[in-house]
Structures are given as structure tokens and as C-alpha cells.
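Encoded as C-alpha cells, the structure appears first; notes follow it.
The values are calculated or read from the model by the stated rules, or taken from the named source; none is laboratory data. Since the structure is predicted, the reported quantities are computational estimates derived from the model, not experimental observations. Cβ placement follows ideal geometry from the backbone for every residue including glycine, while neighbour counts extend to all protein chains displayed. When the accessible area is computed, the model is the full protein with side chains, heavy atoms only, and any ligands, DNA or RNA have been set aside. Shrake-Rupley method; radii C 1.70, N 1.55, O 1.52, S 1.80 Å.
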Amino acid sequence: MMELIRAGTSDALVINSISKRAFDSDIEVGASSKGGPPGYKSVNFHVKMAKANHLYKLSEDGLIVGGAILFKDGPKLNIGRIFVDPEYFRKGYGIFIMQEIERIFPDVKELYLDTPAWNIRTNAFYQKLGYTEYKRDDEFIYYIKMPLNF
């Protein structure tokens with residue numbers, strides 16, 4: 001059984017490892033070097049996010065295979081990042097995370113996220129899920145989605 005639930009500080013080490021592998025794999029889809037968003041490979045960052053109730057883990061049968069960092073502000077939710085262990089890419093895990101985010105936060109009226117402009121994989125993924133570009137700059141494309149559940 002797959003589930004997306006809040007992660008605790010005890011999950012930070014495993015989640016950090018998955019985050020590092022996931023974001024470093026972007027070098028295969030256009031990144032100029034290994035890297036990721038701030039804190040993507042910092043255990044302390046993930047502990048801090050867990051303590052603030054922003055860190056979520058995707059587990060399948062008790063095994064953590066991905067995660068998300070989410071920031072809720074009233075009726076708005078900023079999807080800070082989602083990530084899946086590269087071993088599980090292209091198997092529906094990312095779609096599951098995004099669907100679960102909408103299910104977990106039924107009162108959210110606007111979902112926001114951004115992704116690097118060069119990342120063809122993530123831009124296509126978010127567009128496929130109904131996210132609409134509302135802004136872009138030299139580095140990022142910014143997306144919004146207004147769920148139909150209200």
C-alpha cells in the first residue's frame with residue numbers, strides 16, 4: 001500500500017538520501033551539474049522541515065520511496081518540492097504524490113509550484129497534471145492549479 005503522510009525527524013536521514021539521488025539525477029535531463037534546491041542534500045534541513053510539519057514521506061509497504069515539502073498558507077499551498085527515488089521513476093509515484101496532496105488538503109483553492117526552466121521532465125509532468133504557467137524568469141517556470149474540489 002502506498003501512502004503520503006507527514007514525516008518525522010527520524011525519517012530525515014532516509015528522505016535526505018532519496019532527495020539527493022533524485023535531484024542529482026537531473027543531470028540526465030538537462031542540468032549542467034549535479035545539484036538541487038537549497039537543502040536538498042542536508043539532513044539538518046530535512047529535520048527542520050519535519051519539525052515544522054512541512055516534510056512528507058511517500059512510503060510503499062513501509063519503505064520510504066519519495067517525499068514532499070509543502071507549505072500551507074490558508075487556502076493556498078506551495079509545493080516546495082516533490083521527489084522520488086530514481087529507482088521508482090516513471091512508475092506513477094510522482095502522480096500519486098500530486099494526487100495525494102490534493103486529497104490531503106481538500107480546502108486548498110490554489111496550488112503553487114516552480115521548477116527549473118531547463119527541466120523538460122518536470123515541466124511536462126506538471127503540465128500533464130493540469131498546472132498552468134503563470135510566470136517565468138530566466139531560471140524558473142511558475143505554475144498554479146486551482147482544484148475542482150470546491
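Please find, among ILE64, ILE97, the residue that is in contact (Cβ under 8 Å) with a residue 40 or more places away in the chain and either small (Gly, Ala, Ser) or outside any strand (DSSP E or B) (or both).
Values: ILE64 fails: either small (Gly, Ala, Ser) or outside any strand (DSSP E or B) (or both).
Step by step, each of ILE64, ILE97 is checked, and only ILE97 is in contact (Cβ under 8 Å) with a residue 40 or more places away in the chain and either small (Gly, Ala, Ser) or outside any strand (DSSP E or B) (or both).
Give the number of residues within the range 104-147 that are of a type in the set (A, V, I, L, M, F, W, C), in contact (Cβ under 8 Å) with a residue 60 or more places away in the chain and farther than 20 Å from PHE71 by Cβ.
Residues flagged as of a type in the set (A, V, I, L, M, F, W, C), in contact (Cβ under 8 Å) with a residue 60 or more places away in the chain and farther than 20 Å from PHE71 by Cβ within the range 104-147 amount to 2.
If I ask for residues that are touching a strand residue (DSSP E or B) at 6+ places or on another chain (Cβ under 9 Å) and in a helix (DSSP H, G or I), which ones from the range 73-94 would you list?
Of everything in the range 73-94, those that are touching a strand residue (DSSP E or B) at 6+ places or on another chain (Cβ under 9 Å) and in a helix (DSSP H, G or I) turn out to be GLU87, TYR88, TYR93, GLY94.
Taking the range 65-82 as the search range and keeping residues that are open to solvent by 30 Å² or more (accessible area, probe 1.4 Å) and not basic (Lys, Arg), which one is farthest from TYR143 (Cα to Cα)?
Among those residues, the one meeting the criterion is GLY74.
Starting from the range 36-57, take each residue that is among the charged types (D, E, K, R) and list its partners that are in a loop (DSSP other than H, G, I, E, B) and crowded, with 21+ Cβ neighbours inside 10 Å, counting only C-beta distances under 9 angstrom and pairs at least six apart or across chains.
LYS57/ALA7
Can SER25 be described as buried (at least 17 other Cβ atoms within 10 Å of the Cβ), at pLDDT below 95 and assigned to a helix (DSSP H, G or I)?
yes
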